[in-house]
Amino acid sequence: MVKMIVKRFLQTIPTLFIVVTITFCLTRMLPGDPAVAILGIEARQEDVEAMRIKMNLDKPLPEQYKSYLAGLATGDFGYSYSYRQNVFPLIASRVPNTLNLTMAALFFALLTGGVVGIVAALCQNTLFDYIFMVLALIGVSMPIFWLALMLVLQFSVKMNLLPVMGMGDMSKGLGDVLRHMILPGFCLATIPMATFARTIRSGMIDTLSSDYVRCLRARGIKKWKVVMIHCLKNSLPPLVTVLGLQIANTFTGAIITEGIFSWPGMGTMINTAINNRDYSLIQGTVLFSAIMFVFCNMLVDIAYMMLNPKVRAGKG
Amino acid sequence: MMREKKLMALVLAGLMTVSALTGCGNSESNNGGGSEKAAAGTTAVSPDANAAGQTLDAAISIGQTDAKVTEGGTLVVSMLSSPRSLDPAVYTTMYELHVMYNIVGSLFIWDKEYKEFIPNLATDYTVSEDGLSYTVNLRDDVYFQDGKYVKGRKMTAEDVKYSLERSKAESATDRVCRDFFDYVEVVSDTQVILHMTSPAGPFISRLAEIGTAIVPREEVEGWGEDFGNHLVGTGPFTLEEVVTDEKIVLNRNENYWGTKPHVDGIEFRIIADSNQAINAVSTGEVDIAMYLQGEAIKRAQDEGLLLQTSASSITYVRYNLHHGPTADPKVRQALTMAVDIDAMVSGIYQYGEGTRAYQPLTAYSWAYNTDFNALVPAYDVEGAKALLAEAGYPDGFTMTLYIGSTTYREKMAQMLQYYWAEIGVTLYIRTSTMAEWTASITDSWQADVVNSYGVSWNESPDPYGFLDRFFGTATIHASSNAGGYSDEEIDRLLSQAFSLTGREERTKVYDEIMETVMSDYTGIYYAYECRNWAVSDKVHDAVLRADSQMVVTSPFNNIWIEN
């Protein structure tokens with residue numbers, strides 16, 4: 001199995017290489033001049049030219065590409081002119097903020113989605129089942145932007161229960177940070193919640209109707225044991241796949257939520273990078289997101305292997 | 001089974017309707033309480049483009065009651081975007097200005113009405129007969145804040161020399177009329193002479209801009225490129241903390257030479273969404289939300305939180321003067337006649353945040369002459385059609401309009417599309433981000449791809465900031481003159497007006513210029529837009545000046561917050 005893991009790991013490298021190349025080309029194709037974005041539209045031509053030289057933009061594209069790759073190999077992700085810092089430490093400082101929010105949201109989504117999904121499967125085709133599946137559909141289709149503003153209007157402005165925006169201050173205690181996390185976390189959790197509920201529900205329905213379950217019940221094993229131990233474990237594989245994708249999706253898709261709640265994470269940084277044509281930062285964040293996706297996929301594959309002995313033994 | 005399914009479908013439809021209505025319901029319920037709340041402050045009257053010599057009354061917040069002045073508290077202000085570099089020689093956006101304004105000081109500052117500049121670090125000045133030297137006297141009691149390299153040192157003439165010459169040499173943008181300003185001569189610790197290579201009327205007003213703020217050499221040289229994150233100056237507040245994309249914290253400067261601020265400090269928060277900014281003011285998390293747009297303005301008005309002042313700006317559409325159908329003045333005249341500009345302005349600005357304009361100049365300028373309003377042709381659809389036929393386009397033609405993707409511009413574009421369709425002109429609208437817009441329209445007069453473009457232009461009320469930028473051959477490759485206006489006689493007159501230092505003489509020359517350019521139908525200069533702030537009812541004495549500068553403590557105001 002270790003051999004398989006190493007092989008999966010090596011397979012990620014060509015993927016990342018392609019991502020880097022495509023991003024490099026795409027950023028260069030964006031209209032707008034990064035030097036003008038930094039210096040302002042009223043800047044003198046000579047100063048714009050000098051800035052372009054400083055940013056290495058006057059060199060031919062293949063040469064820029066080579067120096068970027070050479071930098072990557074030594075761990076130098078470039079310099080961000082819009083934040084006036086090196087890209088790697090900048091991303092590193094923002095990632096924890098987004099990770100906190102994303103992990104909290106996903107934890108909440110897994111818990112609620114899981115419970116709802118299991119109950120819906122057990123009460124299949126009853127009113128409860130229909131209601132919750134419709135809610136799941138609404139959860140997936142509702143625009144986060146609208147939901148966020150509605151929640152803020154209700155809970156912050158009208159009822160004054162929760163703060164409107166921001167991340168809170170650790171110096172004011174963990175409670176302050178948690179209070180700030182509730183609304184954005186909930187908004188971020190709606191889509192994963194719905195997805196998890198539906199996935200667990202179908203998985204459970206499948207396993208609940210299989211022969212071995214009837215056998216177990218016939219042998220006198222209590223229903224809750226059958227459900228929680230046997231059925232749940234066997235309906236995990238599709239959930240694990242979905243979970244892996246959702247982690248990466250939610251992490252990279254938190255841009256809108258972070259924007260609305262002024263959560264100082266990767267989302268706001270990416271927005272600024274794009275608006276300022278900050279090539280190094282755009283490339284750095286895309287590369288980071290790609291690494292996240294690839295890593296999550298790898299974890300999913302490994303977890304799948306561990307859950308399903310057939311995969312472990314069979315294919316190489 | 002069928003019955004259950006039909007029931008489910010009905011329930012589903014019901015849920016959808018309810019959730020859709022909830023969205024509407026919330027905004028309506030705000031209107032109920034609005035009429036009972038006191039106004040956030042005196043609201044400035046929008047400029048009447050038909051009234052001569054009017055002064056701008058800046059809007060001032062009065063809080064809710066006649067409470068006594070209370071000391072202390074932190075003023076929380078929200079902005080749309082994060083400042084990048086707080087260096088007077090490097091900054092590029094308004095967001096940086098707001099923060100810097102409270103940390104550094106310039107020789108002069110604009111008064112409340114944004115009309116005259118009043119002494120700040122300088123006490124007075126005289127200008128020589130030939131306009132080539134300005135003798136400026138400085139205050140004797142100004143000290144720099146504590147930085148890493150400078151510790152409360154007294155500011156002297158040497159610092160003025162350093163800062164002004166640095167701005168000339170290093171700033172990519174022209175902040176100090178660098179082609180006319182030569183060097184600073186230090187006469188004594190409290191007197192300098194600013195030498196010019198040639199006379200420049202607007203130069204002295206540049207000394208009221210933050211681009212010419214006085215900074216300590218030790219800090220600039222000590223921090224190098226990082227100076228922008230560690231700004232040190234002579235202003236009422238010191239820079240404490242910068243957390244990018246989150247907040248900027250300023251503390252009161254206890255050694256400030258001027259009025260002691262009532263508040264303990266200022267916190268600038270970055271809130272990108274206008275609606276969220278108002279939410280934060282409603283809950284009290286933010287005291288002042290700057291830059292409201294669209295419906296947020298109506299909401300602020302309903303909740304009694306709105307502060308509004310007209311900006312020193314002009315919003316316009318200009319034509320390509322060299323290529324395409326708009327190269328013909330008759331066509332341009334026809335296009336202008338085809339638009340009911342009054343109706344268009346009321347249609348775009350539904351909450352009073354914009355008023356009718358006529359000329360390519362702010363109505364608050366001392367050079368504004370209402371006589372020239374008459375040069376804008378009246379709304380006349382038949383007349384426009386006849387002119388077009390005369391110009392050789394009896395069946396109309398197609399043209400493009402380039403705008404930035406904001407609500408106001410898009411509304412304007414759609415209205416123009418409608419009006420011009422009435423005379424047979426098909427308009428294609430091209431929207432994009434401001435960066436792309438600028439790239440598309442600069443030098444567009446050289447081809448016929450861009451027939452017209454629309455944007456807003458803000459500047460201090462000196463006519464040079466408007467007329468030179470719009471009609472000078474020198475700016476033909478800048479976005480401000482993308483229509484390509486170039487005329488030798490106008491250039492000569494512009495230089496002449498620029499070099500004179502007396503207001504009356506300059507006004508005479510600007511009158512000549514205005515008459516000529518307006519008869520050329522270079523564009524539709526249709527509106528004066530407002531600045532809009534939402535201000536909490538606990539804030540007193542916040543002044544919304546025409547340039548929307550975040551002025552916390554100054555000779556004309558000192559913000560305080562009720563407990």
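The values are calculated or read from the model by the stated rules, or taken from the named source; none is laboratory data. Here the structure is a predicted model, which is why all the values come from computation and not from measurement. Ideal geometry is used to build each Cβ from the backbone, glycine not excepted, and the neighbour counts take in all protein chains shown.
Looking at the stretch A:267-286, which of the residues that are among the hydrophobic types (A, V, I, L, M, F, W, C) and modelled with pLDDT under 90 is nearest to A:Asn97 (Cα to Cα)? So the residue we want is A:Met269.
Of the residues making up the stretch B:416-449, those that are touching a strand residue (DSSP E or B) at 6+ places or on another chain (Cβ under 6 Å) and within 14 Å of another protein chain (Cβ to nearest Cβ) are B:Arg430, B:Thr431, B:Met434, B:Trp437, B:Ser440, B:Ile441.
Does at least one position in the stretch B:545-555 carry a residue that is among the hydrophobic types (A, V, I, L, M, F, W, C) and part of a helix (DSSP H, G or I)? The answer is no, given that none of the residues of the stretch B:545-555 is among the hydrophobic types (A, V, I, L, M, F, W, C) and part of a helix (DSSP H, G or I). Of all residue pairs spaced 6 or more apart or on separate chains, those with beta-carbon atoms under 6 Å, a first member in the stretch A:6-28 that is farther than 17 Å from A:Met292 by Cβ and a second member that is assigned to a helix (DSSP H, G or I) are A:Phe24/A:Tyr65; A:Thr27/A:Tyr279; A:Thr27/A:Ile282.
Looking for something of a type in the set (S, T, N, Q) and touching a Leu at 6+ places or on another chain (Cβ under 6 Å) - is there at least one such residue anywhere in the stretch B:531-548? Within the stretch B:531-548, one or more residues are of a type in the set (S, T, N, Q) and touching a Leu at 6+ places or on another chain (Cβ under 6 Å).
Conditions (1) modelled with pLDDT under 95; (2) farther than 30 Å from B:Phe498 by Cα; (3) of a type outside the set (Gly, Ala, Ser); (4) buried (at least 21 other Cβ atoms within 10 Å of the Cβ), marked per residue:
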| position | (1), (2), (3), (4) |
| --- | --- |
| B:Leu401 | no, yes, yes, yes |
| B:Arg409 | yes, yes, yes, yes |
| B:Ser432 | yes, yes, no, no |
| B:Ala439 | yes, no, no, no |
| B:Ser460 | yes, no, no, yes |
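Of the candidates A:Ala120, A:Ala136, the single residue that is more than 25 Å from the chain's Cα centre (by Cα), modelled with pLDDT under 90, buried (at least 18 other Cβ atoms within 10 Å of the Cβ) and hydrophobic (A, V, I, L, M, F, W, C) is A:Ala120. Flag: A:Ile38 matches the condition of being among the β-branched types (Val, Ile, Thr), within 14 Å of chain B (Cβ to nearest Cβ), part of a helix (DSSP H, G or I) and under 25 Å from A:Phe288 (Cβ atoms). Under the condition of being assigned to a loop (DSSP other than H, G, I, E, B), polar (S, T, N, Q) and surrounded by fewer than 23 Cβ atoms within 10 Å (Cβ to Cβ), the residues counted in the stretch B:220-252 number 1.
So, in the stretch A:152-170, of the ones that are in a helix (DSSP H, G or I) and facing chain B (nearest Cβ under 9 Å), which residue ends up nearest to A:Gly265 (Cα to Cα)? Residue satisfying both the conditions and the ranking: A:Val152. One residue stands out among those in the stretch B:276-303 that are surrounded by fewer than 21 Cβ atoms within 10 Å (Cβ to Cβ) and either away from every other protein chain (no Cβ under 11 Å) or under 23 Å from the mean Cα position of the chain (by Cα) (or both): the one that is nearest to B:Arg545 (Cα to Cα), which is B:Tyr291.
Matching residues to (1) free of Cβ contacts under 8 Å to residues at least 24 places away in the same chain; (2) in contact with a Phe, Trp or Tyr (Cβ under 9 Å, 6 or more places away or on another chain); (3) on the phi > 0 side of the Ramachandran plot:
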residue	(1), (2), (3)
B:Ser346	yes, no, no
B:Tyr351	no, no, no
B:Gly354	no, yes, no
B:Leu361	no, yes, no
B:Trp366	no, no, no
B:Leu375	no, yes, no
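Among the candidates B:Ser78, B:Ser61, B:Ser85, single out the residue that is assigned to a strand (DSSP E or B) and at pLDDT below 90. Being assigned to a strand (DSSP E or B) and at pLDDT below 90 holds for just one of B:Ser78, B:Ser61, B:Ser85, which is B:Ser61. Of the helices (runs of 4 or more DSSP H) lying entirely inside the stretch A:44-150, those containing at least 1 residues that are within 14 Å of chain B (Cβ to nearest Cβ) and among the hydrophobic types (A, V, I, L, M, F, W, C) are A:45-54, A:87-122, A:127-141.
For (1) modelled with pLDDT of 90 or more; (2) of a type in the set (A, V, I, L, M, F, W, C); (3) on the phi > 0 side of the Ramachandran plot; (4) buried (at least 24 other Cβ atoms within 10 Å of the Cβ), each residue gets a yes or a no:
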site	(1), (2), (3), (4)
B:Gly484	yes, no, yes, no
B:Arg506	yes, no, no, no
B:Glu512	yes, no, no, no
B:Ala542	yes, yes, no, yes
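Taken together, A:Leu287, A:Leu239 contain a single residue that is in a helix (DSSP H, G or I) and surrounded by 21 or more Cβ atoms within 10 Å (Cβ to Cβ), which is A:Leu239. B:His323 fulfils the conditions (1) out of contact with any Gly (no Cβ under 9 Å at 6 or more places or on another chain); (2) modelled with pLDDT of 85 or more except for a single criterion, (1).
Conditions tested, residue by residue: (1) β-branched (Val, Ile, Thr); (2) within 11 Å of another protein chain (Cβ to nearest Cβ); (3) without any contact (Cβ under 8 Å) to a residue 12 or more places away in the chain; (4) on the phi < 0 side of the Ramachandran plot.
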| position | (1), (2), (3), (4) |
| --- | --- |
| B:Glu219 | no, no, no, yes |
| B:Gly224 | no, no, yes, no |
| B:Gly228 | no, yes, no, yes |
| B:Val232 | yes, no, no, yes |
| B:Thr238 | yes, no, no, yes |
| B:Leu250 | no, no, no, yes |
| B:Glu254 | no, no, yes, yes |
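Name the pairs: first residue in the stretch A:193-209 and buried (at least 18 other Cβ atoms within 10 Å of the Cβ), second residue in a helix (DSSP H, G or I) and among the polar types (S, T, N, Q), Cβ to Cβ under 8 Å, at least 6 apart or on different chains? Listed by first residue and then by second, the contacts come to A:Met193/A:Thr112; A:Thr195/A:Gln246; A:Phe196/A:Gln246; A:Ala197/A:Thr112; A:Gly203/A:Asn234; A:Thr207/A:Asn234.
Residues of the stretch B:473-521 that are within 14 Å of chain A (Cβ to nearest Cβ) and either in a loop (DSSP other than H, G, I, E, B) or out of contact with any Gly (no Cβ under 8 Å at 6 or more places or on another chain) (or both): B:Ala474, B:Thr475, B:Ile476, B:His477, B:Ala478, B:Ser479, B:Ser480, B:Ala482. Looking only at the stretch A:200-216, decide whether some residue is within 12 Å of chain B (Cβ to nearest Cβ) and not in a helix (DSSP H, G or I). Scanning the stretch A:200-216, I find no residue that is within 12 Å of chain B (Cβ to nearest Cβ) and not in a helix (DSSP H, G or I), so the answer is no. When each of B:Thr92, B:Thr70, B:Thr55 is tested for being within 14 Å of another protein chain (Cβ to nearest Cβ), among the β-branched types (Val, Ile, Thr) and in a loop (DSSP other than H, G, I, E, B), the lone residue that passes is B:Thr92.
Among the residues of the stretch B:330-344, not a single one is surrounded by fewer than 23 Cβ atoms within 10 Å (Cβ to Cβ), farther than 30 Å from B:Lys298 by Cβ and of a type in the set (Gly, Ala, Ser). Without any contact (Cβ under 8 Å) to a residue 40 or more places away in the chain, buried (at least 16 other Cβ atoms within 10 Å of the Cβ) and not charged (D, E, K, R): does that describe B:Thr522? Criteria not met by B:Thr522.
Look at (1) in contact (Cβ under 8 Å) with a residue 40 or more places away in the chain; (2) within 11 Å of chain A (Cβ to nearest Cβ) and you find that B:Gly265 fails only one, number (2).
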